[in-house]
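Novice: Here it is, the structure, as structure tokens.
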Amino acid sequence: MAEPKPEEISHPPMDQLQGLEYCIDSNPSWGEAIALGFQHYILALGTAVMIPSFLVPLMGGTDDDKVRVVQTLLFVEGINTLLQTLFGTRLPTVIGGSYAFMVPIISIIHDTTLLSIEDNHMRFLYTMRAVQGALIVASSIQIILGYSQMWAICTRFFSPLGMIPVIALVGFGLFDKGFPVVGRCVEIGIPMLILFIAFSQYLKNFHTKQLPILERFALIISITVIWAYAHLLTASDAYKHRPELTQLNCRTDKANLISSAPWIKIPYPLQWGAPTFDAGHAFGMMAAVLVSLIESTGSYKAAARLASATPPPAHILSRGIGWQGIGILLDGLFGTLTGSTVSVENVGLLGSTRVGSRRVIQISAGFMIFFSILGKFGALFASIPFTIFAAVYCVLFGIVASVGLSFMQFTNMNSMRNLFIIGVAMFLGLSVPEYYREYTAKALHGPAHTRAVWFNDFLNTIFFSSPTVALIVAVL
């Protein structure tokens, strides 16, 4: 038996991952780049549809309102992605909607002044304007921290040891968006998960004209197959006598997007009317902006490794945060109903496809803008059941989390102090938000429940975020 090679026994620490086909500045052919860009666009649809689908009905909005919000969110996502890849960090990152803003936005929706409006359409408009005003004010936090280079000063204290739990929990912290959602419709969720893993890992050596087509396009191929399968189940009335929740998660005709979408609609600033400003609403939203800032910092570092780029310097991270603040300002002006952050699932897709090209992400931004204007076509793709996206998240969030764990090679893992910091930060990063989730589900309000609503929103938003809790614990 041959002696094992030295590199098979131990591996020296490496700043850049190996085995990537295209790095940040190397580009595939135009045809392949367009197909990969469309794949990133399809993946970004999951969050872009999920957030408005949950929030708009709570505000009293109709299906027409929901479609307009989805279109607006995709349109601004495309603009923000272009700004970030051209002028910000210039990393291949999609800037999408953020779940971190859900807590303060739901708090605004439940404001007694807004709930007292009897007409549902007027309540929707006034709530939207209140959210817009809060986003516009809160965006100043990232703009100031970014362009003043204050965030650059802060990031110098973020050693690889402190970044391990933060980046890992950017992925692990979204576990509730994975298999718990797949379990709502196992007949399409499980096949999607198996098919995606099979294409991307077991059949990745299948080549067509020297192109690993099944590995490179595993997402779009598996989504097409399972979407067609789900449509077949829907058309054959397989869910006719199933509970309403099951139908909502399994059927392809429950989103009510295609029929409600206009053929052509260009989103524009202040389309919902003039924003309204409230100090309490804005203060709660500032916590979400801080959470978005921390989560994005971790995502930028993960994207740099998956794009085979050098680790982003502090001033580049700070500049990226500044442009992200501009993005949140645009969210407030256009009325996207949520703020911006780096799309974690799209970062994971860089690793799955082994293509970290910036051009591919810029093409995906073009698709977002194009299909948000052509409403019917965009709504067709947006009708994909969210369970299908959740199955893909199980893999892509895991890839981002493993990138965080890969930073362990830059630290001394034989030190008990380092083991203590990483272990405690990761455990509390998972455990504290889970406590907040369970408490909120039972009591219908967060653990922070004083008469000062802005204070409650601030604390509940901060401790709902796994990377934020991990950063606080690890740095301190």
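The values are calculated or read from the model by the stated rules, or taken from the named source; none is laboratory data. Just so we're clear, the structure is a prediction, and the values are computed from it rather than from any experiment. As a convention, Cβ positions derive from the backbone with ideal geometry for all residues, glycine included, and neighbour counts pool all protein chains shown. Keep in mind that these areas ignore ligands, DNA and RNA; they rest on the heavy atoms of the full protein, side chains included. Shrake-Rupley method; radii C 1.70, N 1.55, O 1.52, S 1.80 Å.
Novice: Run the dipole for the range 43-136 about the Cα centre, Lys and Arg Cβ at +1, Asp and Glu Cβ at -1, nothing else charged, and hand back the magnitude in debye, nearest 20. Please report the intermediate quantities before stating the final value.
Specialist: Details: 5 positive and 7 negative charges, 68 e Å.
Around 320 debye, computed over the range 43-136.
Novice: Okay, moving on. Accessible area per residue of the chain at 1.4 Å probe, in Å²?
Specialist: Each residue of the chain exposes 42 Å² on average to a 1.4 Å probe.
Novice: Applying the Karplus parametrisation 6.51 cos²θ - 1.76 cosθ + 1.60 with θ = phi - 60° to the phi angles of the range 327-334, what ³J(HN,Hα) value in whole Hz is obtained for each residue in order, glycine and proline being reported as x?
Specialist: Running phi through 6.51 cos²θ - 1.76 cosθ + 1.60 with θ = phi - 60° gives x, 5, 4, 5, 4, x, 6, 7 Hz.
Novice: OK, next. I'd like the isolated cysteines in the chain, meaning no second cysteine's beta-carbon lies under 4.7 angstrom from theirs.
Specialist: Lacking a cysteine Cβ partner under 4.7 Å: C23, C154, C394.
Novice: Considering every pair of different Cα atoms, what Kirkwood radius, in Å, is found for the chain?
Specialist: On the way: mean 1/r = 0.0441 Å⁻¹.
After inverting the mean inverse Cα-Cα distance, the result is 22.7 Å.
Novice: Work out the P(r) tail for the range 360-476: percent of alpha carbon pairs separated by more than 20 Å, whole number.
Specialist: When every Cα pair of the range 360-476 is considered, 65 percent fall beyond 20 Å.
Novice: Computed from the mean reciprocal separation of all distinct C-alpha pairs, what Kirkwood hydrodynamic radius does the range 73-176 have, in Å?
Specialist: 16.8
Novice: Also, I was wondering about something else. Round to a whole number: what % of the accessible area of the chain belongs to carbon and sulfur, probe 1.4 Å?
Specialist: Values: 13210 of 19870 Å².
About 66 percent, which is the carbon plus sulfur part of the accessible surface.
Novice: Let me see the pair-distance distribution of the range 12-119: every alpha carbon pair, 5 Å bin width, integer percents in order.
Specialist: Percent of pairs per bin, in order: 2, 9, 15, 17, 16, 12, 10, 7, 6, 3, 2, 1, 0, 0.
Novice: For V67, what charge total do you get from the other residues with a beta carbon under 13 Å from its beta carbon, if Lys and Arg give +1 and Asp and Glu give -1? Working shown, then result.
Specialist: On the way: positive: K66, R68, K265, K376; negative: D63, D64, D65.
Result for the local shell: +1.
Novice: Moving to a separate point now. Can you give the helix-only mean residue ellipticity at 222 nm for the chain, where every DSSP H stretch with n ≥ 4 adds -39500 (n - 2.57) and the sum goes over all residues, rounded to the nearest 500 deg cm²/dmol?
Specialist: -21500 deg cm²/dmol
Novice: Here is a follow-up. If ligands, DNA and RNA are left out, what is the accessible area of F427 with a 1.4 Å probe, given in Å² to the nearest 10?
Specialist: We get 140 Å² for F427.
Novice: Here's something else I'd like to know. Sorted from largest to smallest, which semi-axis lengths in Å does the alpha carbon gyration tensor of the range 184-246 give for its equivalent ellipsoid, taking the root of 5 times each eigenvalue?
Specialist: Equivalent ellipsoid semi-axes, largest first: 30, 11, 7 Å.
Novice: If you rank L333, L145, L203, L306 by how much accessible surface each has, with a 1.4 Å probe, what is the order from largest down? Display every interim value, and only then the final one.
Specialist: Details: L333 55, L145 35, L203 75, L306 5 Å².
Ranked list, largest accessible area first: L203, L333, L145, L306.
Novice: Additional query: How about K204: which aspartates and glutamates have a C-alpha closer than 18 Å to its C-alpha, ignoring those fewer than 8 places off in the same chain?
Specialist: List returned: E21, E32, E215.
Novice: Just how much of C185 is accessible, in Å², when a 1.4 Å probe is used and the result is rounded to the nearest 10?
Specialist: For C185, the solvent-accessible surface is approximately 0 Å².
Novice: Taking each pair of different alpha-carbon atoms in the range 218-273 once, compute 1/r for the pair, average those values, and report the inverse of that mean as the Kirkwood hydrodynamic radius in Å to one decimal.
Specialist: 13.8
Novice: Which of the trypsin sites (Lys or Arg not before Pro) found in the range 382-476 are in a DSSP loop and have at most 10 neighbouring Cβ atoms, other than their own, within 10 Å? If you can, show how the numbers build up before the last one.
Specialist: Working: sites: R417, R437, K442, R451; in loops: R451.
Counting only loop positions with at most 10 other Cβ atoms within 10 Å, the trypsin sites (Lys or Arg not before Pro) in the range 382-476 are R451.
Novice: Sorted by accessible area with a 1.4 angstrom probe, largest first, how do W323, W272, W263 fall?
Specialist: W263, W323, W272
Novice: Give a quick list of trypsin sites (Lys or Arg not before Pro) in the range 155-188 that DSSP marks as loop, anything other than H, G, I, E or B, with at most 16 other Cβ atoms within 10 Å.
Specialist: R156
Novice: Another question, if that's okay. Return the loop-located chymotrypsin sites (Phe, Trp or Tyr not before Pro) in the range 125-209 (DSSP other than H, G, I, E, B) with at most 13 other Cβ atoms within 10 Å of their own Cβ; answer none if there are none. Could the numbers behind the result be given before it?
Specialist: On the way: sites: Y126, Y147, W151, F157, F158, F172, F175, F196, F199, Y202, F206; in loops: F157, F158, F206.
Those that pass, being in a loop and sparsely packed, are F157, F206.
Novice: In the full protein assembly as shown, how much of L419 is accessible to a 1.4 Å probe, in Å² to the nearest 10?
Specialist: Looks like 80 Å² after rounding.
Novice: Evaluated at 20 °C with a viscosity of 1.002 mPa s, what Stokes-Einstein diffusion coefficient in µm²/s does the range 252-295 have when Rh comes from the Kirkwood expression over alpha-carbon pairs? Could the numbers behind the result be given before it?
Specialist: Numbers: Rh = 14.4 Å.
The calculation lands on 149 µm²/s.
Novice: Right, something else. Hey, can you grab everything whose amide H is under 5 Å from the amide H of L211? Only 5+ residues off in sequence or another chain; H modelled, so Pro and N-termini drop out.
Specialist: Excluding prolines and chain starts, which carry no amide H, there are no hits.
Novice: What's the whole-number percent of alpha carbon pairs in the range 265-356 lying beyond 22 angstrom?
Specialist: That tail contains 40 percent of the Cα-Cα pairs.
Novice: Moving on to the next point. Relative contact order for the range 402-476: what is it in percent, counting Cα pairs under 8 Å that are at least 6 residues apart?
Specialist: Value for the range 402-476: 34 percent.
Novice: If you bin the C-alpha pair distances of the range 320-410 every 10 Å from 0, what whole percents do you get?
Specialist: Percent of Cα pairs in each bin: 13, 32, 42, 10, 2.
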